[in-house]
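What follows is a short report on a single structure.
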Ligand SMILES: [Zn+2]
């Protein structure tokens, strides 16, 4: 499978393509339903969430990966995840991987928001949808890259 740096390069390249596509779709306002939802705010939220996920929420949080180490002392918050999910098990499932990581992040983020005096349900739905979409796409690109490169290696 690709190492952390290769994953980050692949993910960044896909983000550039994805954001270009979204910016193009946003110009087709009348033509496509989703275009009404696309604006600078949602596209920037999507891109920032995607990059955050690429560097901090990779499915390789199930091992001592660079994503795991980037959390610094807060890596303790991902320790249960690392212990529960053996490497490339559920964390690398196209549905369960992103779902479990986003749920673990929510378990971390909700208390932080409450402590900061922000009611999580007061966050704008557009923001939540764009952020979750960005994070999930980043994880899917990681999982697909892992499977694709393992497939190529397996063929030789
Ligand atoms: Zn991986």
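Where a number appears in this text, it was derived from the coordinates with a stated rule and is not lab data. In this text, all values refer to a predicted model and were calculated from it rather than measured experimentally.
Here are a few things to note about the model shown:
- Contact order relative to length of the range 4-155, as percent, for alpha carbon pairs under 8 angstrom and 6 or more apart: 32
- Three-way shape call for the chain based on the alpha-carbon gyration tensor, with the a/c threshold at 1.5: oblate
- Subtracting the Cα-Cα distance of residue 71 and residue 84 from 0.36 nm times their residue separation leaves 2.9 nm of extension gain.
- Per-residue ellipticity at 222 nm, computed for the chain from helices alone with -39500 (n - 2.57) per DSSP H run of at least four residues, works out to -21500 deg cm²/dmol.
- For the chain, built as a Gaussian network whose Cα springs stay under 10 Å, the top-fluctuating residue of 131, 53, 13: 13
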